Amino acid sequence: MSTLLSTDLILPAAVAFIIGYGVMKKTDVFSVFTEGAKEGLRSAAAVLPALCFLMTGVGMMRESGMLEAIIGFIKPFSDKIGFPEEVLPLAFLRPFSGSGALGFYEELCKNLPPDSFSARVASVLMGGSETTFYTVAVYYGAIGIKNGRNTVPAALLADVSAAIFSVLAVNLFLR
């Protein structure tokens, strides 16, 4: 019992509580569960085309060299704010793909000392930004919104702000 952490019991305890509560309220727990699972599968099916498009697009950008071309275009601007060149692909990938950004972040952390300026900026950026297009695709796809108007431009502005402020935060607090 000493090796069993109390956190290992949280999920089984929550499931037992939910089932027990449903039984106590005389609810058909199994039919409610299966109905929820059906709804979850419908939501996943509605979101799947947008996710496939995003994953394909990110893969094509990386393999075609387009990502490097975009990074080359952004580099003069990023140099002015002191944004590390090694982290530019992460800043660009993060709004598109969480898994792609995480893979690049892990590769970056393997190649840089953990307390280097670039690694710290990458860490702050990963924690302070969002996978904008993935989030919009999932949530808007799930509820059927076709036109998000200002959502994407505002979210991309937040992603640019996260990149700028990650450099500022590291310079202010972690140097």
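A short reminder: the numbers here are calculations on the coordinates, not readings from a lab. Quantities reported herein were computed from a predicted structural model and do not represent experimental measurements. So basically every Cβ, Gly included, is an ideal-geometry build from the backbone, and we count neighbours across all protein chains shown.
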Next item on the list: Go through the range 53-157 and name the trypsin sites (Lys or Arg not before Pro) that are in a DSSP coil and have 13 or fewer other Cβ atoms within 10 Å of their Cβ.
Entry: 146, 149
Next item on the list: Calculate how steeply helix 117-128 sits against the longest principal axis of the alpha-carbon atoms of the chain, using the helix alpha-carbon long axis, and give the answer as 0 to 90 degrees to the nearest 10.
Entry: 40
Margin query: For the range 49-123, take every pair of Cα atoms, bin their distances at 5 Å starting from 0, and report each bin as a whole percent.
Written below: 3, 15, 25, 24, 19, 9, 4, 1
Next item on the list: As a check on your grasp of the helix formula, calculate [θ] at 222 nm for the chain: sum -39500 (n - 2.57) over DSSP H runs of n ≥ 4, divide by the residue count, round to the nearest 500.
Entry: -25500 deg cm²/dmol
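Give me the percent relative contact order of the range 49-173, please, defined on Cα pairs under 8 angstrom at least 6 residues apart.
Numbers: 109 pairs, mean separation 36.1, N = 125.
Answer for the range 49-173 is 29 percent.
Can you put 60, 55, 24 in order, fewest other beta carbons within 10 Å first?
Details: 60 11, 55 15, 24 8.
If I rank by nearby Cβ atoms, fewest first, I get 24, 60, 55.
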Next item on the list: Just rank 115, 159, 28, fewest to most, by other beta-carbon atoms within 10 angstrom.
Entry: 115, 28, 159
Notebook entry, point to check: Helix 151-173 versus the longest principal axis of the chain: what angle, 0 to 90°, nearest 10, using Cα atoms?
Noted result: 70
Check: With N residues in the range 1-61, what two-decimal value do you get for its Cα radius of gyration over 2.2 N^0.38 Å?
Finding: 1.80
Item checked: Farthest toward positive dipole pole in the range 40-175 [+1 Lys/Arg, -1 Asp/Glu at C-beta], among 171, 151, 52 -> 151
Item checked: Shape box of the chain [Cα atoms, principal axes, largest first, Å] -> 65, 50, 28
Notebook entry, point to check: Could you give the angle, 0 to 90 degrees to the nearest 10, between helix 10-24's Cα long axis and the longest principal axis of the Cα atoms of the chain?
Noted result: 40
